[in-house]
Structure formats: structure tokens, C-alpha cells
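A.B. asks: So that we are looking at the same thing, I have put the structure below in C-alpha cells.
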Amino acid sequence: MKKTFFSITLAVLALLLTAGCSLFNEFTDEIPEGYTFYTGCPVSFFFVDEEGTDLVDPSDSSTYPVAFPGQMRVLSMKELDFSIYETEEDGSPLIMYNDNTNSLWKDPEQQRWSFRTWLWGVTKEKDYRMYVYYGSQEDSLTVSYKYLKAGDPGSEKLPAGSSWGVEILSMRYNDVEVYVGNENGKAFIEKPSQGGETVVHVGSI
């Protein structure tokens, strides 16, 4: 299976769950240990009911999925409303929120709102579990990484001047594999209208 490589292009953040959120801004020849980073996500998520109807209403922020690293708390509705920024991407509406780490984009092909999020990780840890909330429901998204240093086999994939990066090996939404090696993957997160267990569909519904 072809692996898609995602470089770390943003500043690496100090571990968010510890006291004192100082920034780690310098890359070194060795991968630093114990720092939280974030990178792009190769999968778009569509939240639908059992009929395939879009559950996202752009005028109602209570229908927005929200993703957080680790066990961080969910934003209050007041905080979420304050963080919303509306723009366009490729001619379609784009809504950014949660400090621009989450977004909703109106997919013209699907005619549904796609949810996109940054993926978090902690350096030198292979697996990282983050959480996605839809209303009061909590889902998990687990990402497995491979770390790559300058000079390692395959390091030619690193952008010029970068000393390290990550390769996404797998992504599991509620323990269902949703990443199949392409940059434009799709996963449909079915939330039954009468409650019940969330169902994950990969590729189509």
C-alpha cells in the first residue's frame, strides 16, 4: 500500500496537557521527545444520519463536529461561536473554527459538508488518540505515525531545510480503519436519528 507523507510544517507545540505551554520553535538534527505536534489529515469526514442526510447545518454551530488532542475539554458553545471564521476554498464555502484546527467545507461533489481536522501526535510515540465530539457523543480517532529524520532512507521526502517529519501509517475512527493510503480519502460517520451506535463507512455510504 502506498504511504502518504505529511511533513511537519507548523511550529511544534509543547505538550498541551502539562503546565506551562511554552513553544518549541527550533528543529534539531534529532527528533525531540515528548512534544505535541500537529499535521494535515488525508481524510475528510461526513456526518450523516441513517438515510445519508447531512447532519451539519452551517447556521447552527451545535451541529459542528469538534476535535481535540488527548483528553482536552470540549469548547463551550459561546467559545465555539466566537472562534468561527467563514471564507471560501475552491469556490465553495469554508467555515473554520476551534482556533482554526477544525473546518467544514461544502464538498461540491458530495453536496455535503466535509469535516476536516488537524491531526495531533506526541514525538516518538507511534500511536496517538484524539477525540471527536458531535453534540454529546464522543468518538475516538487514533493515528499511527512513522518518524523520519534527515539522512534516513526516504528522507528525500522532507521539505528543504526540515530535519524531521512524519508519515501517517494508519488512521482508525472508533477503531475502524479509515485511511487507505490516498490523500483524498472519505469516511462517513453515521449517527442514527433515534440514537444507537455510531457506524463508520469508508469511501462511500
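A.B. asks: Do you know which residues across the stretch 71-121 are under 21 Å from Met171 (Cβ atoms), aliphatic (A, V, I, L, M) and modelled with pLDDT of 95 or more?
C.D. replies: If the condition is that a residue be under 21 Å from Met171 (Cβ atoms), aliphatic (A, V, I, L, M) and modelled with pLDDT of 95 or more, then Leu104 is the only one that fits.
A.B. asks: What residue, among those in the stretch 122-132 that are at pLDDT below 90 and surrounded by fewer than 16 Cβ atoms within 10 Å (Cβ to Cβ), is farthest from the chain's Cα centre (by Cα)?
C.D. replies: Our first condition is that a residue be at pLDDT below 90; within the stretch 122-132, this holds for 122-126.
Retained after the next criterion (residues that are surrounded by fewer than 16 Cβ atoms within 10 Å (Cβ to Cβ)): 124-126.
Numbers: Lys124: 19, Glu125: 17, Lys126: 16 Å.
Looking at residues that are at pLDDT below 90 and surrounded by fewer than 16 Cβ atoms within 10 Å (Cβ to Cβ), I get Lys124.
A.B. asks: Separate question: Have a look at Phe37, Phe27, Phe68, Phe45 and point out the one that is aromatic (Phe, Trp, Tyr) and at pLDDT below 75. Explain how you work it out, then say what you get.
C.D. replies: On the way: Phe37 fails: at pLDDT below 75; Phe68 fails: at pLDDT below 75; Phe45 fails: at pLDDT below 75.
Among Phe37, Phe27, Phe68, Phe45, only Phe27 is aromatic (Phe, Trp, Tyr) and at pLDDT below 75.
A.B. asks: Taking interchain pairs and intrachain pairs at least six residues apart, which have beta carbon atoms under 6 angstrom, with the first residue in the stretch 77-92 and farther than 19 Å from Arg112 by Cβ and of a type outside the set (Phe, Trp, Tyr) and the second part of a helix (DSSP H, G or I) and modelled with pLDDT of 90 or more?
C.D. replies: Leu80/Ser61; Asp81/Ser61
A.B. asks: Let me ask you something else. Can you tell me how many residues within the stretch 35-63 are part of a loop (DSSP other than H, G, I, E, B) and either under 14 Å from the mean Cα position of the chain (by Cα) or aliphatic (A, V, I, L, M) (or both)? Quick ask: steps written out before the conclusion?
C.D. replies: Kept after step one, since they are part of a loop (DSSP other than H, G, I, E, B), are these residues of the stretch 35-63: 35, 40-42, 49-53, 55-60.
Still in the running and either under 14 Å from the mean Cα position of the chain (by Cα) or aliphatic (A, V, I, L, M) (or both): 40-42, 55-56.
Selection size over the stretch 35-63: 5.
A.B. asks: Something else: Is it true that Ser144 is more than 25 Å from Ser62 (Cα to Cα), modelled with pLDDT of 90 or more and either surrounded by 13 or more Cβ atoms within 10 Å (Cβ to Cβ) or over 17 Å from the mean Cα position of the chain (by Cα) (or both)? Walk me through it before giving the result.
C.D. replies: Numbers: more than 25 Å from Ser62 (Cα to Cα): yes; modelled with pLDDT of 90 or more: yes; either surrounded by 13 or more Cβ atoms within 10 Å (Cβ to Cβ) or over 17 Å from the mean Cα position of the chain (by Cα) (or both): yes.
Yes, satisfied.
A.B. asks: Further question: Suppose the filter is at pLDDT below 90, touching a Phe, Trp or Tyr at 6+ places or on another chain (Cβ under 6 Å) and within 17 Å of Phe46 (Cα to Cα); does Ile205 pass it?
C.D. replies: On the way: at pLDDT below 90: yes; touching a Phe, Trp or Tyr at 6+ places or on another chain (Cβ under 6 Å): yes; within 17 Å of Phe46 (Cα to Cα): yes.
Here the answer is yes, as Ile205 does meet what is asked.
A.B. asks: Within the stretch 77-172, considering only strands (runs of 3 or more DSSP E) that don't extend past its boundaries, which have at least 2 residues that are under 17 Å from Pro42 (Cβ atoms)? Outline the logic, then answer.
C.D. replies: Numbers: elements: 85-89, 92-97, 102-107, 112-117, 119-122, 127-134, 137-149.
Of the strands (runs of 3 or more DSSP E) lying wholly inside the stretch 77-172, those with at least 2 residues that are under 17 Å from Pro42 (Cβ atoms) span 102-107, 112-117, 119-122, 127-134, 137-149.
A.B. asks: On to the next question. List the residue pairs whose Cβ atoms are under 7 Å apart, where the first residue sits in the stretch 46-70 and is under 12 Å from Tyr97 (Cβ atoms), the second is at pLDDT below 90 and basic (Lys, Arg), and the two are 6 or more positions apart or on different chains.
C.D. replies: If the second residue must be at pLDDT below 90 and basic (Lys, Arg), no pairs are left.
A.B. asks: Name, by its number, the condition in (1) charged (D, E, K, R); (2) over 30 Å from Gln110 (Cα atoms); (3) at pLDDT 75 or above that does not hold for Asp175.
C.D. replies: Failed condition: (2).
A.B. asks: Moving on. Got at least one residue in the stretch 108-122 being without any contact (Cβ under 8 Å) to a residue 40 or more places away in the chain and touching a Ser or Thr at 6+ places or on another chain (Cβ under 9 Å)?
C.D. replies: Yes, the stretch 108-122 contains a residue that is without any contact (Cβ under 8 Å) to a residue 40 or more places away in the chain and touching a Ser or Thr at 6+ places or on another chain (Cβ under 9 Å).
The values are calculated or read from the model by the stated rules, or taken from the named source; none is laboratory data. Keep in mind that this is a model prediction, so the values were computed, not measured. For neighbour counting, all protein chains shown are included, and Cβ atoms are generated from backbone atoms with ideal geometry for every residue, glycine included.
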